[in-house]
Amino acid sequence: MKIELVVDKKYTSPKVVIYCNEVNSDISALMNSINNNQININGYIDNTIYILNLDDIYSFYSEGGKVYAKTNDNVFLIKYRLYELEEMLLSKKFIRISNSEIINLRKLKNLDFSLLGTVKLNFINNSYTYTSRRFIKKIKDYFNI
């Protein structure tokens, strides 16, 4: 694969063009990677707005009628509903694990099936969460278990 970068002041925003004779898994992965960066999610702490990078988010969860994004360092209030986030993040390595939580699969370290009827999901920062019984099949299907 050849990569060419053209820097010219006449362009006001970046433009990516891919030339290929067929779309294969490498091209699809490249396109998904580029598209991952196009979703902007704002997080709020008090009166400060933060632009969140999807790669930094461990999970989105709802609590007390509000939706939050959890990163390694902070918890941010989000102005989207979980179902809206689920639609936005469908192809972005996020999966819904319960009625109240969506997790980032890139932040997952392992799955613990030792508990009956639930799965403990361990993150790379040593935090964890549990999936609800209704979503176990979805997780098993995703990981081909």
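Helix 25-36 sits at what angle to the longest principal axis of the chain, using alpha carbons and giving 0 to 90 degrees rounded to 10?
80
For Lys70, list the aspartates and glutamates whose Cα falls under 12 Å from its own Cα; do not include residues on the same chain fewer than 8 positions away.
Asp55, Asp56, Glu101
Any idea how far apart Ser25 and Asp55 come out in nm if each label point goes 7 Å out from Cα toward Cβ?
The two pseudo-label positions are separated by 2.2 nm.
Can you give the helix-only mean residue ellipticity at 222 nm for the chain, where every DSSP H stretch with n ≥ 4 adds -39500 (n - 2.57) and the sum goes over all residues, rounded to the nearest 500 deg cm²/dmol? Write out the running numbers ahead of the final one.
On the way: 3 runs with 26 residues, N = 145.
It lands at -5000 deg cm²/dmol.
Rounded, prolate or oblate for the chain? Axes are the square roots of the Cα gyration tensor eigenvalues, ordered a ≥ b ≥ c, and the cut-off for rounded is a/c under 1.5.
Oblate, because a/c is 1.5 or more while a/b does not exceed b/c.
Order these by the 10 Å Cβ neighbour count, fewest first: Asp55, Asp141, Asp8.
Working: Asp55 13, Asp141 9, Asp8 5.
Lowest to highest Cβ neighbour count: Asp8, Asp141, Asp55.
If Lys and Arg each add +1 and Asp and Glu each add -1, what is the summed charge of the other residues whose beta carbon sits under 14 Å from the beta carbon of Leu54?
Details: positive: Lys70, Lys92, Lys93, Arg106, Lys107; negative: Asp55, Asp56, Glu86.
Residues close to Leu54 contribute a combined charge of +2.
Using +1 at the C-beta of Lys and Arg and -1 at the C-beta of Asp and Glu, which of Tyr50, Leu111, Tyr68 has the Cα lying farthest in the positive direction of the dipole of the chain?
Of the options given, the answer is Leu111.
Over 28 Å between Cα atoms: which of Lys10/Lys93; Lys79/Lys140; Lys15/Lys66; Lys2/Lys138; Lys9/Lys107; Lys15/Lys93 fall into that group? Before the final figure, lay out the partial values.
Details: Lys10/Lys93 35 Å; Lys79/Lys140 30 Å; Lys15/Lys66 36 Å; Lys2/Lys138 38 Å; Lys9/Lys107 37 Å; Lys15/Lys93 24 Å.
Where the Cα-Cα span goes over 28 Å, the pairs concerned are Lys10/Lys93; Lys79/Lys140; Lys15/Lys66; Lys2/Lys138; Lys9/Lys107.
Laboratory data are not the source of any read-out in this text; all were calculated from the coordinates shown. Since we're looking at a predicted model, the values are computed, not measured. All Cβ positions, glycine included, derive from the backbone under ideal geometry; neighbour counts span all protein chains shown.
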